[in-house]
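Notes follow once the structure below has been shown.
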Amino acid sequence: MDGRTVITIGREFGSGGHEIGMKLAERLGIKCYDKELLELAAKESGLCEELFASQDEKPTNSFLYSLVMDTYSLGYSNSYVDNHKVFLAQFDAIKKLAEKESCVIVGRCADYALEDDPFAVSVFVKASIDERVKRIKSLYELNDSKAADLIQKTDKKRASYYNYYSSKKWGDAKSYDLCVDSGLVGIEGAIEVILKFIELKEKNQGIN
């Protein structure tokens, strides 16, 4: 593949998006950033790394946000300020990272941060609830109901975070270049689909 290649991966919990990101990066000989992005953003921004871990992909309370915006006299809440600082620092770190190297970035609204980057390809990984329950049960040694509950809660948090900070909708096909069902094609199949998509995108852009 020519030039810089930056792949962002949004994912439903239990779809294997993180594993796909790691293996995809390995295949391409580039780095995959997930939790590592928190350390990078903390270092570049000068903010405390523990703050990033505590606010990681967590939504800002919309009522609190409205309250703060409507009544400036009350001052900013620590929760709102912390959330916003973390998001802006990550946003900045993602843009700087994509400018200097080819990489895979998992989650954290990376597709939104890089929506104007011609080298970025945004992917969303999904799977049926049955497939995801099966995966989460195996990974965390949970029963069906607890696995399903964890999936629902995690997806809700990810959607709230994404929808709050971006101008797009989490999981909506229009928000991404490519959506892949890992339950239908498997982890390796999803990697092949993404690689083929990048190859065709680069070929098409080369023609135009």
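The values are calculated or read from the model by the stated rules, or taken from the named source; none is laboratory data. Worth saying up front: this structure is predicted, and the values here are computed from it rather than measured. Don't worry about glycine lacking a Cβ; one is built from the backbone with ideal geometry, like all the others, and counts go over all protein chains shown. Note: accessible area is taken over every heavy atom of the protein model, side chains too, but ligands, DNA and RNA are not part of it. Shrake-Rupley method; radii C 1.70, N 1.55, O 1.52, S 1.80 Å.
Residues Ile151, Ile187, Ile191, Ile136: which one is open to solvent by less than 30 Å² (accessible area, probe 1.4 Å), out of contact with any Phe, Trp or Tyr (no Cβ under 8 Å at 6 or more places or on another chain) and touching a residue at least 60 places away in the same chain (Cβ under 8 Å)? First the steps, then the outcome.
Values: Ile151 fails: out of contact with any Phe, Trp or Tyr (no Cβ under 8 Å at 6 or more places or on another chain); Ile187 fails: open to solvent by less than 30 Å² (accessible area, probe 1.4 Å); Ile136 fails: out of contact with any Phe, Trp or Tyr (no Cβ under 8 Å at 6 or more places or on another chain).
Within the list Ile151, Ile187, Ile191, Ile136, the selection yields Ile191.
Is there a residue being within 23 Å of Lys23 (Cα to Cα) and in contact with a Leu (Cβ under 7 Å, 6 or more places away or on another chain) anywhere in the stretch 151-167? Can you show your working first?
Taking the stretch 151-167 as the starting set, the residues that turn out to be within 23 Å of Lys23 (Cα to Cα) are 151, 154-155, 158.
Okay, now just the ones that are also in contact with a Leu (Cβ under 7 Å, 6 or more places away or on another chain), so none.
No, because not a single residue in the stretch 151-167 is within 23 Å of Lys23 (Cα to Cα) and in contact with a Leu (Cβ under 7 Å, 6 or more places away or on another chain).
Of everything in the stretch 169-184, what is assigned to a helix (DSSP H, G or I), free of Cβ contacts under 8 Å to residues at least 60 places away in the same chain and either of a type outside the set (A, V, I, L, M, F, W, C) or open to solvent by less than 20 Å² (accessible area, probe 1.4 Å) (or both)? Give them in sequence order. Quick ask: steps written out before the conclusion?
The initial filter retains those residues of the stretch 169-184 that are assigned to a helix (DSSP H, G or I), namely 173-175, 182-184.
Restricting the remaining residues to those that are free of Cβ contacts under 8 Å to residues at least 60 places away in the same chain gives 173-174, 184.
Selection gives Lys174 alone.
Restricting to the stretch 23-41, count the residues that are at pLDDT below 90 and either farther than 16 Å from Asp92 by Cβ or of a type in the set (A, V, I, L, M) (or both).
Pass one, the stretch 23-41, residues at pLDDT below 90: 34-41.
Filter again for either farther than 16 Å from Asp92 by Cβ or of a type in the set (A, V, I, L, M) (or both), leaving 34-35, 37-38, 40-41.
Total meeting the criteria: 6.
Which of the helices (runs of 4 or more DSSP H) found entirely inside the stretch 108-168 contain at least 1 residues meeting this: more than 16 Å from the chain's Cα centre (by Cα)? Show your work before the answer.
Numbers: elements: 110-113, 129-140, 144-165.
Because the criterion is at least 1 residues that are more than 16 Å from the chain's Cα centre (by Cα), the helices (runs of 4 or more DSSP H) in the stretch 108-168 that meet it are 129-140, 144-165.
Note down all Cβ pairs under 8 Å where the first residue falls in the stretch 1-25 and is in contact (Cβ under 8 Å) with a residue 40 or more places away in the chain and farther than 15 Å from Glu192 by Cβ, the second is aliphatic (A, V, I, L, M) and in a loop (DSSP other than H, G, I, E, B), and they're at least six residues apart or on different chains.
So the pair list comes out as Thr5/Ile30; Val6/Leu114; Thr8/Leu114; Glu12/Ala127; Gly14/Ala127; Ser15/Ala127.
Kindly provide the set of residues from the stretch 183-208 that are touching a strand residue (DSSP E or B) at 6+ places or on another chain (Cβ under 8 Å) and of a type in the set (Val, Ile, Thr), ordered by number.
Val193, Ile194, Ile198
How about the stretch 94-107: which of its residues are surrounded by fewer than 22 Cβ atoms within 10 Å (Cβ to Cβ) and outside any helix (DSSP H, G or I)?
Glu101, Ser102
Taking the stretch 149-162, which residues are in contact with a helix residue (DSSP H, G or I) (Cβ under 7 Å, 6 or more places away or on another chain) and either farther than 27 Å from Asp111 by Cβ or β-branched (Val, Ile, Thr) (or both)? Write out each step before concluding.
Residues of the stretch 149-162 that are in contact with a helix residue (DSSP H, G or I) (Cβ under 7 Å, 6 or more places away or on another chain), as a first pass: 150-151.
Listed by number, the list holds a single entry, Ile151.
Could you tell me whether Phe119 is of a type outside the set (Val, Ile, Thr), within 11 Å of Ile7 (Cβ to Cβ) and open to solvent by 20 Å² or more (accessible area, probe 1.4 Å)?
Working: of a type outside the set (Val, Ile, Thr): yes; within 11 Å of Ile7 (Cβ to Cβ): yes; open to solvent by 20 Å² or more (accessible area, probe 1.4 Å): yes.
The answer is yes for Phe119.
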